[in-house]
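Below you'll find the structure, written out as structure tokens, and then a few comments.
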Amino acid sequence: MLTRCLTFGLPSERTGFEICCAAGRPGTRKSFWRTRLIRRTIELLRSELQGNQVQLHVALQPDSLALADKAQVQQVVFNLGMNAVEATQNQSAGQRRLELTTMHSHAAEALAAVGDSGPGIPEDQHGRMFEAFWTTKQNGLGVGLMISRSIIASHRGRSWFANNVDKGVTFRFTLPIMVDSDLTGAEAGR
Ligand SMILES: Nc1ncnc2c1ncn2[C@@H]1O[C@H](COP(=O)(O)OP(=O)(O)O)[C@@H](O)[C@H]1O
Ligand SMILES: [Mg+2]
């Protein structure tokens, strides 16, 4: 049952990656609200981006509704964003990039991508990336990717990564998009 709704917000008022949460119990009042989840997550990352001189590039497509839990999805974007910032640390300042993209992958899914200009993932490590406690960082915990994947899986989404053609890696995840019938009777609020 639909209980809340939020938006991956954009600089523009008219665009966003809108997500609805379906954490309600039967019989509870249906309602949803929109927040600017991506923008808020960027704000959380802002000091890291500035402190590490990472250029941020954001390209978000118009709203799409998807089933999700706001705090959890924010956690995923934050985890991926922090990994991207950390991955670019050994580059010269002018080359550090974080790219945040959202789009419709097809009719039933919304897709988000977090890409960076870091070294990418060595092929022999690909199989370990989502393992618990897998880390190559001196002070890493090695749980961010595992948690992110389990959050997305619990929303019936998919998550994966691929090295970029030029440099760096892009992590992607999908969330199911809500169809009109999911929203019937829902109370929309911004
Ligand atoms: N954007 C990235 N670029 C390169 N390697 C990455 C990236 N994101 C994750 N990794 C690799 O995956 C490992 C696990 O990441 P994560 O689960 O977030 O744990 P942690 O960040 O604590 O190491 C990292 O230690 C790193 O080796
Ligand atoms: Mg991490």
The answer for the net charge of residues other than Asn90 whose Cβ lies under 13 angstrom from its Cβ, with Lys and Arg +1 and Asp and Glu -1, is +1
When Asp69, Asp116, Asp166 are ranked with the fewest other C-beta atoms within 10 Å first, the list becomes Asp166, Asp69, Asp116
Taking 0.36 nm per residue of separation between Val143 and Arg158 and subtracting their Cα-Cα distance, the length gained on full extension comes to 3.6 nm
If the chain between Arg128 and Arg46 were fully extended at 0.36 nm per residue, the gain over the current Cα-Cα distance would be 26.6 nm
Rounded to the nearest 5, the percent of DSSP beta bridges in region 38-180 running antiparallel is 80 percent
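Since every read-out is calculated from the coordinates, none of them should be taken as a lab result. All figures in this text were calculated on a predicted structure; none of them were measured in a lab. When we count neighbours, we look across all protein chains shown, and the Cβ atoms used for this are built from the backbone with ideal geometry, even at glycine.
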